[in-house]
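Worksheet: the structure to be examined is printed underneath.
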Amino acid sequence: MNLITFAIGDIHGCFDKLQSLLTACEGIGAGRRDQFLFVGDYIDRGADSKHVLDFLIRRQIDQSDRFICLRGNHEEMLIRAADKHRSDRDLMTWWGNGGEQTLESYGVDDPSDLPPKHLDWMRSLPLQTRDPHRLFVHAGIRPGVALSSQSAEDLLWMREPFLSSEEDHGVLVVHGHTPTPSRKPDLRPNRLNIDTGACFGGPLTAAAFSDKESVPLFFITDSGEVSTPGE
């Protein structure tokens, strides 16, 4: 049976949208072998970062071959802010980018007081994963640099020149990080942005892929709305 992969954009503490989206994906993919691939930014800005991490960690433990999670720049900022050798800048950079909401969701005053299990999980997350047709990363890549030589900084933080590049990267780069102005996935010949601004009032979106070709079969949102590329 062919595998269907649901790649899911930035969650940012929107636990209700995550639950609704997974329910919609599981319904539409019923009877097919499936997996879920998350491109990072599970925390900050939204109200339920703790519940999001509790859920994803539990699912990864129970179904490690079905739930794949990448690290986003917000996880990276929190890792730095929670480190015992952090600088004031590390702490304030994270706090000013939605960290305050994460502290509230955990009921603590300092990121170093988050559960060690959650911090260790974030530290363990990979920065990228590949299949024959696609490269999945959080932010993007640096055009003109071999995929095997991309820096962690670029994978986590890249915007330009990646977003405006028309270069063929050899695979479709699937990413989040930069919310789309249209609140719809942004599919280009060389990349797909699936950050549709869930924490800013947009939907949480998944792109469904087969294991046969690079382009998505369809998109689905947490409200259950399904669309095809080009709609």
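All of the numbers you see were taken from the coordinates with simple rules; none came from a lab. Bear in mind the structure is a predicted one, so any value in this text is a computation, not a measurement. Virtual Cβ from ideal backbone geometry, glycine too; neighbours counted across all protein chains shown.
Say we look at the range 190-203 and pick out the residues that are touching a His at 6+ places or on another chain (Cβ under 9 Å) and within 13 Å of Ala7 (Cβ to Cβ); which of these is surrounded by the most Cβ atoms within 10 Å (Cβ to Cβ)?
Asp195
Looking at this structure, is Arg45 in contact with a helix residue (DSSP H, G or I) (Cβ under 9 Å, 6 or more places away or on another chain), farther than 17 Å from Leu125 by Cβ and buried (at least 21 other Cβ atoms within 10 Å of the Cβ)?
yes
Could you identify the single residue in Val174, Val145, Val215, Val137 that is surrounded by fewer than 18 Cβ atoms within 10 Å (Cβ to Cβ) and under 18 Å from Gln35 (Cα atoms)?
Val215
Listed here are the residues, each with its yes/no results for (1) hydrophobic (A, V, I, L, M, F, W, C); (2) in a helix (DSSP H, G or I); (3) under 15 Å from His175 (Cβ atoms); (4) free of Cβ contacts under 8 Å to residues at least 40 places away in the same chain.
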| position | (1), (2), (3), (4) |
| --- | --- |
| Ala24 | yes, yes, no, no |
| Gly31 | no, no, no, yes |
| Ala47 | yes, no, no, no |
| Asp65 | no, no, no, yes |
| His74 | no, yes, yes, no |
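Does Val52 fit the bill of being touching a helix residue (DSSP H, G or I) at 6+ places or on another chain (Cβ under 7 Å) and touching a residue at least 24 places away in the same chain (Cβ under 8 Å)?
The answer is yes for Val52.
So that you can scan it fast, the table gives a plain yes or no per residue for (1) within 20 Å of the chain's Cα centre (by Cα); (2) more than 21 Å from Cys199 (Cα to Cα):
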| position | (1), (2) |
| --- | --- |
| Arg58 | yes, yes |
| His74 | yes, no |
| Gly98 | yes, no |
| Thr102 | yes, no |
| Ala146 | no, yes |
| Leu155 | yes, yes |
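Residue-by-condition table, conditions (1) among the aliphatic types (A, V, I, L, M); (2) in contact with a Phe, Trp or Tyr (Cβ under 8 Å, 6 or more places away or on another chain); (3) over 25 Å from Ser151 (Cα atoms):
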{"site": "Ile61", "(1), (2), (3)": "yes, no, yes"}
{"site": "Arg66", "(1), (2), (3)": "no, yes, yes"}
{"site": "Cys69", "(1), (2), (3)": "no, yes, no"}
{"site": "Gly72", "(1), (2), (3)": "no, yes, no"}
{"site": "Met77", "(1), (2), (3)": "yes, yes, no"}
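Among the residues in the range 181-189, are any charged (D, E, K, R), without any contact (Cβ under 8 Å) to a residue 40 or more places away in the chain, assigned to a strand (DSSP E or B) and surrounded by 14 or more Cβ atoms within 10 Å (Cβ to Cβ)?
Scanning the range 181-189 turns up at least one residue that is charged (D, E, K, R), without any contact (Cβ under 8 Å) to a residue 40 or more places away in the chain, assigned to a strand (DSSP E or B) and surrounded by 14 or more Cβ atoms within 10 Å (Cβ to Cβ).
Of the residues that sit in the range 203-212 and are under 15 Å from the mean Cα position of the chain (by Cα) and either aliphatic (A, V, I, L, M) or in a loop (DSSP other than H, G, I, E, B) (or both), which one is farthest from Arg33 (Cα to Cα)?
Out of the qualifying residues, it is Pro203.
Across the range 78-121, what is the total count of residues that are touching a helix residue (DSSP H, G or I) at 6+ places or on another chain (Cβ under 8 Å), part of a helix (DSSP H, G or I) and without any contact (Cβ under 8 Å) to a residue 60 or more places away in the chain?
Of the residues in that region, 18 qualify.
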